[in-house]
Amino acid sequence: MRSFFSKMARTRIKICGITRPEDGIHAARLGADAIGLVFYPPSPRAVTLKRAEEILARLPPFISTVALFVNPEVEEVERVLLQLAIDLLQFHGGESEPFCRQFSRPYIKALGVGSGEGLAQEMARYPSARGVLLDTAVQGVAGGSGVTFDWQLIPPPLRQSITLAGGLSPQNVAAAVRAVRPYAVDVSSGVEAAKGVKDFDRIAHFIQQVGEADARQ
């Protein structure tokens, strides 16, 4: 899974929890590499298939689209893939590796970081994953908590291969990039005006801070 990863010239950026077409458009215009659509009804950032279709229809080319699920049924994932042009799947629950790889679509596996113990072994359980996203482990919350974790818990040999998430914002993302040097960063609540509503100034500031951190590596 990680053999092709090396530190690139810049850190890739994913803006997750897009719920409005205008938010997707502005994220792309401001320099995001990917947007995330949440298909998990309990989330305040969840979208219907119809709304997701509206968002994707307005996106410019060369923006990756990611569909996020939390312990879904097979039929739920297949329904999304049948109707939408999704580039990557993201599994944010306790899904097994065989479950994740059955959809003939590249996927990212999100893992919660608590103590950091056994993190390398947990990542190794998903050899077919296109990548691993590390988020803060918060009981009862499947991402989007706005809480950071101790970045030093990530073993140095693994850092360049991961997507870093968990409480990132315009105020701390530069420090995160300098400390970890991840392949990518993922933000949702940290660039919002309200739950599910993105703030364009905060997105612009977030992307600017990532670029400045990259320039100093």
Discussion item. When you scan segment 190-204, do you find a residue that is in contact with a Lys or Arg (Cβ under 9 Å, 6 or more places away or on another chain) and farther than 20 Å from residue 22 by Cβ, even just one?
Written reply: no
Worksheet item: If you check residue 65 against the conditions, is it buried (at least 22 other Cβ atoms within 10 Å of the Cβ), touching a residue at least 12 places away in the same chain (Cβ under 8 Å) and touching a helix residue (DSSP H, G or I) at 6+ places or on another chain (Cβ under 9 Å)?
Response: no
Worksheet entry | Which numbered condition residue 120 misses (of (1) modelled with pLDDT under 95; (2) part of a helix (DSSP H, G or I); (3) touching a strand residue (DSSP E or B) at 6+ places or on another chain (Cβ under 9 Å)) | (3)
Response to the item:
Selection from segment 90-115 of residues surrounded by fewer than 16 Cβ atoms within 10 Å (Cβ to Cβ) and under 17 Å from residue 150 (Cα atoms) yields 114, 115
Discussion item. Just to be sure I understand the filter: pairs with C-beta atoms under 8 Å, separated by 6 or more residues or on different chains, first member in segment 68-89 and closer than 17 Å to residue 55 by Cβ and part of a helix (DSSP H, G or I), second member at pLDDT 95 or above and β-branched (Val, Ile, Thr). Which pairs pass?
Written reply: 80/86
Worksheet item: What's the number of the condition residue 58 fails, among (1) touching an Asp or Glu at 6+ places or on another chain (Cβ under 7 Å); (2) closer than 22 Å to residue 207 by Cα; (3) surrounded by fewer than 15 Cβ atoms within 10 Å (Cβ to Cβ)?
Response: (1)
Worksheet, complete the sentence: Going through (1) under 22 Å from residue 38 (Cα atoms); (2) surrounded by fewer than 17 Cβ atoms within 10 Å (Cβ to Cβ) one by one, residue 122 fails only at (1)
Worksheet entry | Complete set of residues in segment 155-187 that are among the polar types (S, T, N, Q) and at pLDDT 95 or above | 163, 169, 171, 172
Response to the item:
Flagged in segment 19-47 as touching a residue at least 40 places away in the same chain (Cβ under 8 Å), aliphatic (A, V, I, L, M) and in a helix (DSSP H, G or I), in numbering order, are 27, 30
Practice prompt. Give the residue, chosen from 106, 44, that is of a type outside the set (Asp, Glu) and either more than 16 Å from the chain's Cα centre (by Cα) or closer than 19 Å to residue 196 by Cα (or both).
Written response: 44
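The values are calculated or read from the model by the stated rules, or taken from the named source; none is laboratory data. What you are looking at is a predicted structure, and each value in this text was computed from that prediction instead of being measured. We place every Cβ from the backbone using ideal geometry, glycine too, and count neighbours over all the protein chains shown.
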